[in-house]
Amino acid sequence: MPNRVAIVGISAFPFRVRHPNYTYYRMAYETTKKVLEDANLTIHDIDSAIYGIYNDFFERQFMPDIIVHDYIGMILKPGTRVTTGGATGGYAIRTAYMEVASGLSDVVLCLGVEKSNDCWDPVTKARTPELVKAISYSADCEFVRPLGSFPAASYVLPVRAHIEEFGNPSEESMARVSVKNHGNAVGNPYAQSPMKLTIEDVLKSRYISEPFKKLDCCLYSEGAAAMILASEKKAKEICKNSGKEPIWITGVGAGNDSNFGGLRQKLWSLTSNVYASRQCFKMAGITNPIKELDVAELHDAFTGQEILSYEDCGFAKHGEGYKLIDEGIVEEGGELPVNLSGGLIGCGHAVGATGIYQGTEIVRQLRGEAIRQVPDAIKGFLHSVGGPVTAYCVCIVMERS
Amino acid sequence: MPNRVAIVGISAFPFRVRHPNYTYYRMAYETTKKVLEDANLTIHDIDSAIYGIYNDFFERQFMPDIIVHDYIGMILKPGTRVTTGGATGGYAIRTAYMEVASGLSDVVLCLGVEKSNDCWDPVTKARTPELVKAISYSADCEFVRPLGSFPAASYVLPVRAHIEEFGNPSEESMARVSVKNHGNAVGNPYAQSPMKLTIEDVLKSRYISEPFKKLDCCLYSEGAAAMILASEKKAKEICKNSGKEPIWITGVGAGNDSNFGGLRQKLWSLTSNVYASRQCFKMAGITNPIKELDVAELHDAFTGQEILSYEDCGFAKHGEGYKLIDEGIVEEGGELPVNLSGGLIGCGHAVGATGIYQGTEIVRQLRGEAIRQVPDAIKGFLHSVGGPVTAYCVCIVMERS
Amino acid sequence: MADRANEEHEEFLEYYDEMTIHYLYSVGELTKFFKEIRDNGKLFGTRCTKCGFGYFPPRLNCHKCYVPCEWVELSGKGEVIAGTICRFGVSNFTDKLPITIAFIKMDEMDMAIRHTILMSEDECKLENLKRGTRVKVQFKPKEQREGRITDFYFVLDK
Amino acid sequence: MADRANEEHEEFLEYYDEMTIHYLYSVGELTKFFKEIRDNGKLFGTRCTKCGFGYFPPRLNCHKCYVPCEWVELSGKGEVIAGTICRFGVSNFTDKLPITIAFIKMDEMDMAIRHTILMSEDECKLENLKRGTRVKVQFKPKEQREGRITDFYFVLDK
Ligand SMILES: [Zn+2]
Ligand SMILES: [Zn+2]
């Protein structure tokens, strides 16, 4: 029986295209300050830190964690950085969980930060293509990068395979996800892309990687997010002082698929998601996720990917994921609302921070502090994905007692 | 009381200047194959993996772990990469320990690999200066890199401060460490630089960063090393089948100092080492390390750093570390032999693999399988250091029952 | 705080910088694969000597069986598993758009490779990238080949 | 295995490659520091408004007290904490060797900065880099200054 671990503090730094007045370490500092306030602790109460920072090229700094560690006042304490593509935040929470559950540390800061839009292409004078080039080095540099590595292509290919296997999701169903997530972000001060859209708006936006259109894709952001995790004994002490409810991590699952998507025998299934979610639900004792969960944040880098994830996380049968969006099941007020924060599509994708930010939304929901609050939410689900063709996946179930 | 964790398998891939016939993932595969043989397991018995890979620039690949994960047959299982400079290997073991002790996984592969000598400077047509440039991006890119970031300078400055504070270590004492470690590597098939040297040879070698000379410095290598860690129950099962003795991890400590060495008030002390070793000894119940330990592998990227580490790990008083080498205490047959494998100076520094390789030497010593065997060794100590001015430090105590 | 970060738009300095590392790297155990492309215009995959699984891109060992693989010459013909047309992307590819990317399973192999299908402007439609679409390899002229993955591409096999 | 890796020296292919990313990056909250260097040839550190600790390189908040710091103009004088002479190193610095690097504590500050001391060939000896050696800042001429850390260096203050 593992030691119980709770989340006792959360914070975020707004996801924006750019924060030109902030270095990444100052964003980390501000976010740490806020998470300490939320937990009513000082930095001296923290035993250790796990950092979620995806891409050294973004920060223009290898080993950026050691600079953050110093800058936020963690000098002489342990600190480990996690870097697993888009799943960096999820894996950082998993690693922080391990650190507490192992007994090595009682109170652990889990901090994600990313500053992606300093990248700049001197030829086109544009930032995004150079940022995408920085990401392209995460694709196999012998076989994939030299041919052009496009994140949207990496995520659209399984969707294309799904369309050919099952005849769905349609461009309309995908557009519905875009409308939902951009819309959910409205009112969220941390979100980069709150928008009231129509299906038409989405369908009319230009193609990025067919059939994904501009409004099917998340945008890259600068931002940060943090959590404090604590052992059972410490969590009860801390929450007594802070007046916040401890949110327990009751399920953790992870699985990394081949980065060569062509090795997969069923390209239309994101098998890393299948493995990670099953492992997570098994640990949490969940057998019927759509019934037992109250709220979920899924990694929606692209609309079609969210729909495939419904299936691969066990919310719907294979080939029937589109029904969850078409029938409103994942909308606010539906049976299992997905991405009430806005998700990546609504909030932006500050890569290393994203999974942690998704986690803060679940904690807010379970505390009853969310902007689009699910009434009386007790169990929440976090799904964090990254790498070529969704290679990395981490899933976490959180509960309030 | 945390769950007990044992090391049940070890392997290494020889540290060499270059392995031109091997990609880094093939080195990882060969090393995994050997560690599975050592533990009498198959890859299907492994639940999860922790990868120690320092520098994406070395591998010419961001997120190299996802490629290794696939290539060694870990598809759909969890995998996390650790990257903490020269301390990557030590932190990887610490993280693997956390994963097992937390109860998330029972059997974890801890694999370090590095391929550094593909770097090449088109101006000088040389490899090492470009490799060192790859490392220089780990120094602060705003304040340090633009002025020239030299790893040897980063490690010599505390030694210079020590010389000014205490009048030692002398260049002769440092040379003795070089003679010892190069000499210990003789006969070790995994070592890159086995050499029988005289103190004169070392003193005559050219200056790199004064007073460090060429033979005071380790060389960068390509290579790999692996361990399998298991929970108590699983370890006993596995070792019953393999006939090997389980080696228990009884102490773990880590601490990261500021990467801005100028923030430290006593530059002559490697304070990350002080913090990590004390935490580790406390957990292992060790109060007098030089008496209680039988063998130690210290991170000796540079000779003078090894001498400072004697002090900061509590083997000698501050200012008296040089006596341990001058009086033969750390030599083979001495009271606490240090770096019987050859250390980094004798074996080379395959950065992400180094700490894990040091660990395999301690396991060999405790199993009674080492090349320079300490008779009846029961407790061993591993010290893994990295980052600007030794910012990262991890210490681990291992024991046989 | 949310507000503060938005409001604060003081003047800030911006600088040009780059991070660059150069290589003269070895392709290691893949040397045969790249040499056959460059010198002979031939594609080689590998096949597990135990379970028979065909790897392309090639790997010298089967990660499932932990035994060596052997080299297998390919006919150069295969079919699309899934494909897309990229119209926005990486800075060093902006002048090459649109690029058609697909997972292509070679006939003799059991996994697909992610590669480029060269299409005319007319051909460049999703409906020409359906699952099962037959494609064949095309090598660049010998004098342009460098022994890299970019030495060849695929075209529709009509 | 050890032997095998040594013995195996088959022919292998080597290729040129590079990894490069370009930036137009913001120095963020450090703008004042770099602007003062560039425009006014002045050095600024910061001081914690609570504990009084002096930071150089500057940081806008004290990581110990979690309160803001204030900017402090420095006299440009300081002393060596520890120094070394680098005679081998990074590829883009090989033509600049030897380089003298030291931790230098500015008189008004409580931490040292790692920077360069420009020395003549005669001066360039460890004995001129002893702890306590007095140094002073020297700025490049205004037209050469870009607002970067390389706009200034130190010299012996004799
Ligand atoms: Zn096989
Ligand atoms: Zn203060």
When both residues are 6+ apart or on different chains and their Cβ atoms are under 7 Å apart, which pairs have a first residue that lies in region C:53-80 and is more than 16 Å from ligand 1 (Cβ to nearest atom), and a second that is assigned to a loop (DSSP other than H, G, I, E, B) and of a type in the set (G, A, S)?
C:E79/C:G132; C:V80/C:G132
Specify which of the listed residues (A:A191, A:A224) is outside any helix (DSSP H, G or I), within 14 Å of chain C (Cβ to nearest Cβ), over 15 Å from A:I345 (Cα atoms) and under 22 Å from the mean Cα position of the chain (by Cα).
A:A224
Which one of A:I53, A:I72 is touching a residue at least 60 places away in the same chain (Cβ under 8 Å) and touching a helix residue (DSSP H, G or I) at 6+ places or on another chain (Cβ under 7 Å)?
A:I53
Take the residues of region C:99-110 that are away from ligand 1 (no atom under 16 Å from the Cβ) and more than 9 Å from chain A (Cβ to nearest Cβ): which is nearest to A:P211 (Cα to Cα)?
C:T100
If we scan region D:90-104, do we find a residue that is touching a residue at least 12 places away in the same chain (Cβ under 8 Å) and either among the basic types (K, R) or on the phi > 0 side of the Ramachandran plot (or both)?
no
Within region B:126-170, take every residue that is in a loop (DSSP other than H, G, I, E, B) and farther than 27 Å from A:Y25 by Cβ and give me the one that is nearest to the other protein chains (Cβ to nearest Cβ).
B:R127
Any idea which of (1) over 28 Å from D:E14 (Cα atoms); (2) buried (at least 17 other Cβ atoms within 10 Å of the Cβ); (3) not acidic (D, E) is the one C:R114 doesn't satisfy?
(1)
Restricting attention to region C:20-52, which residues are within 16 Å of ligand 1 (Cβ to nearest atom), more than 14 Å from chain B (Cβ to nearest Cβ) and assigned to a strand (DSSP E or B)?
C:G45, C:R47
What single numbered condition from (1) away from chain B (no Cβ under 11 Å); (2) part of a helix (DSSP H, G or I) fails to hold for D:T94?
(1)
Can you find, within region A:245-259, the residue that is farthest from C:K64 (Cα to Cα) among those that are at the interface with another protein chain (Cβ under 7 Å from one of its Cβ atoms) and in contact with a strand residue (DSSP E or B) (Cβ under 6 Å, 6 or more places away or on another chain)?
A:V252
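Looking only at helices (runs of 4 or more DSSP H) that lie completely in region A:314-401, which have at least 1 residues being crowded, with 21+ Cβ neighbours inside 10 Å and touching a His at 6+ places or on another chain (Cβ under 9 Å)?
Because the criterion is at least 1 residues that are crowded, with 21+ Cβ neighbours inside 10 Å and touching a His at 6+ places or on another chain (Cβ under 9 Å), the helices (runs of 4 or more DSSP H) in region A:314-401 that meet it are A:343-347, A:351-367.
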Restricting to region D:55-91, what's the tally of residues that are more than 9 Å from chain B (Cβ to nearest Cβ) and more than 10 Å from ligand 2 (Cβ to nearest atom)?
14
Which of the residues belonging to region B:1-37 are in a helix (DSSP H, G or I) and among the β-branched types (V, I, T)?
B:T31, B:T32, B:V35
Of (1) at pLDDT 95 or above; (2) touching a strand residue (DSSP E or B) at 6+ places or on another chain (Cβ under 9 Å), B:A153 satisfies every one except (1)
Taking the criterion of being crowded, with 24+ Cβ neighbours inside 10 Å and among the hydroxyl-bearing types (S, T, Y), would at least one residue in region B:52-69 satisfy it?
yes
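The values are calculated or read from the model by the stated rules, or taken from the named source; none is laboratory data. Small disclaimer: the values here were computed from a predicted structure and weren't measured. As a convention, Cβ positions derive from the backbone with ideal geometry for all residues, glycine included, and neighbour counts pool all protein chains shown.
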